[in-house]
Amino acid sequence: MEIPYAVKPRPDTGLYNAKVGIWLFLASEVMLFGALFCSYILLRVNAPEGLWPHHWLNIWLGMTNTIVLIFSSVTVVLAWASLKMGQFNRYKLYQGITLLCALTFLAIKSVEYRDKFIHYKVVLSDGRIADGHLQKAETTLPVSWRLQPVIVDGHLQGGGQTATNTGRLVLEGWWPNDEAALMNPPLGHETQRIEIPVKQIKFMENYGPWHNTYTAIYFTLTGLHALHVVAGAIVIFAIWGPLAKVWERDPERYINRVEVSGLFWHFVDLVWIFLFPVLYLL
């Protein structure tokens with residue numbers, strides 16, 4: 001039995017089934033990201049004056065990713081238009097570029113995430129604050145503690161045990177005067193090599209999602225968006241590669257599949273266009 005309106009438009013909506021389905025799905029996605037954006041706005045508006053982070057993200061990397069995704073939206077449209085004109089090889093070229101853009105976006109995002117996981121705030125026992133990227137950790141404990149060490153009054157804690165350590169940490173960073181300066185570091189500030197004996201550390205923590213409200217919402221929003229990029233790339237790749245034979249026996253159905261996957265990809269790009277200024281610029 002043939003499913004009606006799988007290719008031809010429905011008389012009531014003027015759309016074929018898959019297109020109706022993707023628009024309904026995108027409506028639910030708007031509600032999901034809308035709720036997260038509203039949460040971000042409320043958290044920021046109610047944050048204490050001067051204690052909301054600024055300049056914590058690399059604007060140039062974020063801008064590069066924005067350009068990459070906008071360019072991928074163009075190639076998605078060109079791929080669909082090529083199919084409409086019967087140019088399958090040109091479609092393969094444009095959609096292949098789209099997949100390369102998706103991989104480029106994820107590679108840049110992984111660089112940004114790594115930067116946060118090796119970036120530490122270190123509070124010394126005398127009240128001073130050191131902030132920078134971990135270069136070296138000379139300790140008697142395993143390397144695994146470096147991703148998320150818990151140090152209280154010079155003692156490294158983890159695994160149900162507390163160990164006094166006489167090693168040292170080496171950071172490439174700077175000395176903020178206070179929490180307000182740490183939240184809003186000057187652009188292009190100079191860094192230096194900082195050596196800190198572990199016994200002088202009162203507390204340290206990297207800039208993972210557990211660090212504060214800002215990093216929590218940053219990793220939540222960008223992580224969820226990255227999962228959508230991965231999902232969209234998988235669907236586009238499946239249509240581009242394993243399912244390409246559908247073009248030979250049912251080209252109209254194949255074009256519809258490309259169009260539906262393209263609509264999802266445009267939504268993913270649009271979300272990032274909102275994420276970039278909200279997280280990187282404001």
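Which pairs in the list K121/K202; K8/K84; K19/K92; K19/K84 are over 19 Å apart, alpha-carbon to alpha-carbon? Show your work: numbers first, answer last.
Numbers: K121/K202 11 Å; K8/K84 15 Å; K19/K92 22 Å; K19/K84 17 Å.
Going by Cα-Cα distance, K19/K92 fall outside the 19 Å limit.
By count of other Cβ within 10 Å, fewest leading, how are D115, D126, D178 ordered? Before the final figure, lay out the partial values.
Details: D115 15, D126 7, D178 10.
Listing D115, D126, D178 from fewest to most nearby Cβ atoms yields D126, D178, D115.
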By counting other Cβ atoms within 10 Å of each Cβ, how are L99, L24 ranked from fewest to most? L24, L99
Sorted peptide list for 231-243, 28-40, criterion being average Cβ within 10 angstrom, highest first: 231-243, 28-40
Could you list I255, I70, I201 in order of exposure, starting from the residue whose Cβ has the fewest other Cβ atoms within 10 Å? I70, I255, I201
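A short reminder: the numbers here are calculations on the coordinates, not readings from a lab. Just so it is clear, the model here is predicted, and its values are computed rather than measured. Here the Cβ is made from the backbone with ideal geometry for all residues, glycine too, and neighbour counts use every protein chain on show.
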